[in-house]
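J.: Dumping the structure here so I can ask a few things about it.
Here, each number is a calculation from the coordinates, and none is a lab measurement. Here the structure is a predicted model, which is why all the values come from computation and not from measurement. Note that we place each Cβ from the backbone using ideal geometry, even for glycine, and neighbour counts take in every protein chain shown.
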Amino acid sequence: MGCDSCSSGRGGLPAGCKNNGACGTSGCTTLPVFDWLTNMELPNGKQAFDVVEVRFKASRKEFYRIGDNKGLVVGDAVAVDAAPGHDLGMVSMTGELVRLQMKKLGVANDFQLKSVYRKAKPVDIEKWQLAVDKEKTTMMRARAIAVELKLNMKISDVEYQGDGNKAIFYYTADDRVDFREMIKVLADEFKVRVEMRQIGSRQESARLGGIGSCGRELCCSTWLRDFRSVNTSAARYQQLSLNPQKLAGQCGKLKCCLNYELDSYLDAIKDFPETNVKLETRRGWAFHQKTDIFRRILFYSYTDDPSNFIAVPVDRVKFILEMNKKGEKPEALLSEKEIPKVVKTPDYENVVGQDSLTRFDASKNKNKKKKKNNQGAQRGPEAANANNNQPQNNSPRPPQQAYQNQQQRPVQQQNNQQQRPAQQQNNQQPKPAQPNNNQQRPPQQANNKQEQRNQQNRNKQRPQQNRPPQKPNEPTA
């Protein structure tokens with residue numbers, strides 16, 4: 001992967017490494033090549049290879065003969081033969097590595113190779129830069145012309161020649177397109193020689209570039225040059241789900257990376273049994289569900305319980321198949337020794353000896369209910385009748401104060417009966433049932449100060465809602 005500042009540039013010096021184009025061991029361009037022969041000296045009397053590889057826009061690379069231009073290094077901008085005119089590119093490979101690359105690609109080293117004119121001059125670079133600036137506007141206008149002419153094609157990129165006299169229009173189309181009329185319109189509008197070049201969807205992605213689902217730059221735009229066919233069988237061998245949204249790349253075709261590990265999977269499944277054969281046991285018939293190649297495990301399910309996946313080793317499956325051929329049936333898919341033992345691991349709750357996080361809440365509620373019942377039983381029948389006649393007040397009382405009142409209440413009742421005058425006790429007449437008006441009576445004289453305090457506390461704690469208005473104290477006879 002190249003530098004951010006020069007990986008997508010064309011020609012000139014690589015501004016990213018600031019080494020004036022002498023980065024021969026790695027590349028600052030698209031499709032870089034590691035030149036592992038850079039520091040190796042040639043045998044005595046042998047001259048360096050006189051062909052260099054020149055890169056143009058995107059991934060287009062061609063081979064040119066040096067001629068009299070000796071001393072070219074990777075990153076030099078050169079003017080090359082383009083017939084007609086000249087083009088501007090950047091040297092991407094030199095030396096003996098070019099010979100190996102030509103042999104790999106099947107390019108013959110003969111007189112048909114074009115030649116390098118010279119190193120690019122500042123005037124050539126300025127003229128080429130003006131042509132490059134017109135590429136985007138030319139592409140947008142060409143797309144509009146294709147729509148006006150009702151041509152079923154997609155113009156994906158435009159590349160101007162170094163001298164600005166020629167433009168190559170790259171397009172993709174499903175069927176053959178008659179673009180003769182379009183060439184006339186383009187040549188008349190842009191005043192250049194027009195060349196229409198059809199490319200595939202993979203080549204289109206390689207020219208435009210992008211980020212793949214793995215998070216890295218596309219392989220076709222960084223290092224991959226030959227596009228091999230990819231079949232869905234590659235996904236089946238690797239036990240991948242046939243989901244077209246995940247298996248397809250940005251080009252709309254199957255991802256090229258499906259072929260990277262295919263050979264390893266094919267070697268691993270050579271000794272695996274056939275998965276289309278059912279296994280017969282006394283428990284019933286079992287059929288294949290899925291395969292884990294690197295763990296060497298096959299998953300089977302019984303016909304009456306298809307949701308239960310049983311992991312069976314490869315050797316056990318082969319043994320069952322041999323028994324079925326002899327007419328024998330095993331008890332089950334797995335023997336008793338092969339059945340995995342389930343070990344219960346401690347979870348979060350009982351790992352520290354706790355059963356429940358709310359184990360103390362229930363005991364608190366029970367204690368509150370018991371206290372309320374005990375308070376009601378200790379008050380006696382008189383307090384119960386008074387509470388029935390008076391409105392209920394659910395306001396809680398402090399526990400210490402309630403406990404003191406329960407102990408002091410019987411003593412107060414006895415003292416109150418002793419302090420009543422004799423006339424009131426003898427002249428009692430039957431009266432209709434009325435609420436307990438003991439609170440309306442003025443506090444009587446007590447034997448000691450402690451009884452008076454208890455009487456005041458009792459009056460304060462009783463509800464004040466149903467009290468009738470008090471009358472002023474009248475003098476007693």
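J.: Suppose R0 equals 35 Å. What FRET efficiency, 1/(1 + (r/R0)^6) with r the Cβ-Cβ distance, do N259 and K191 give to the nearest 0.05?
T.: Approximately 0.15, to the nearest 0.05.
J.: Rounded to the nearest Å, what's the spacing between the alpha carbon centres of region 190-227 and region 106-161? Just the number, please.
T.: 14 Å
J.: For the pair D178 and E322, what calculated FRET efficiency results from E = 1/(1 + (r/R0)^6), where r is the Cβ-Cβ distance and R0 = 60 Å, to the nearest 0.05?
T.: Efficiency, rounded to the nearest 0.05: 0.35.
J.: Once both labels are modelled 7 Å past Cα along the beta-carbon direction, what's the R141-I293 spacing in nm?
T.: 5.3 nm
J.: Cut-off under 18 Å on the C-alpha distance; same-chain residues fewer than 8 positions from K127 excluded. Which aspartates and glutamates are left, in chain and number order?
T.: List returned: D76, D81, D87, E135, E159, D163.
J.: Still on this structure, please answer the following. Which pairs in the list K46/K104; K70/K119; K270/K318; K134/K166; K136/K255; K57/K253 are over 18 Å apart, alpha-carbon to alpha-carbon? Walk me through the numbers on the way to the answer.
T.: Numbers: K46/K104 22 Å; K70/K119 10 Å; K270/K318 13 Å; K134/K166 12 Å; K136/K255 29 Å; K57/K253 24 Å.
The pairs that break the limit, which is 18 Å between Cα atoms, are K46/K104; K136/K255; K57/K253.
J.: How many nm is it between the label spots at Q129 and L42, if each spot is 7 Å from the Cα in line with the beta carbon?
T.: Here the answer is 3.5 nm between the modelled labels.
J.: I'd like to know which of L208, L224, A248 lies farthest towards the positive end of the charge dipole of region 124-251, counting +1 on Cβ of Lys and Arg and -1 on Cβ of Asp and Glu.
T.: Value: A248.
J.: Using the Kirkwood radius over C-alpha pairs as Rh, can you work out the diffusion coefficient of region 247-347 via Stokes-Einstein at 20 °C, viscosity 1.002 mPa s, in µm² per second?
T.: Numbers: Rh = 15.9 Å.
My calculation gives 135 µm²/s for D.
J.: If you put +1 on each Lys and Arg Cβ and -1 on each Asp and Glu Cβ, how big is the dipole of region 195-252 around its Cα centre, in Debye rounded to 20?
T.: For this selection, approximately 140 debye.
J.: Okay, moving on. Rounded to two decimal places and with Rh computed the Kirkwood way over Cα pairs, what is Rg over Rh for region 59-218? It would help to have the intermediate numbers written out before the result.
T.: Details: Rg = 17.8 Å, Rh = 17.8 Å.
With Rg and the Kirkwood Rh in hand, the quotient comes to 1.00.
J.: Order by neighbour count: F111, F319, fewest other Cβ atoms within 10 Å first, most last. Intermediate values should be presented prior to the final figure.
T.: Details: F111 6, F319 14.
Ranking F111, F319 by Cβ neighbours within 10 Å, fewest first, gives F111, F319.
J.: Once the piece of chain linking R458 and K104 is laid out straight, how much longer is it, given 0.36 nm per residue of separation minus the C-alpha distance between them?
T.: Between R458 and K104, full extension yields an extra 116.5 nm.
J.: For a quick check: with amide H placed at 1.01 Å from N, whose amide H comes under 5 Å from S156's, ignoring anything fewer than 5 positions away on the same chain?
T.: Distant-sequence amide H within range of S156: Y170, Y171, T172.
J.: Here is a follow-up. Neighbouring Cβ atoms within 10 Å as the yardstick, rank D50, D315, D304 fewest first.
T.: Listed from fewest to most nearby Cβ atoms, that is D304, D315, D50.
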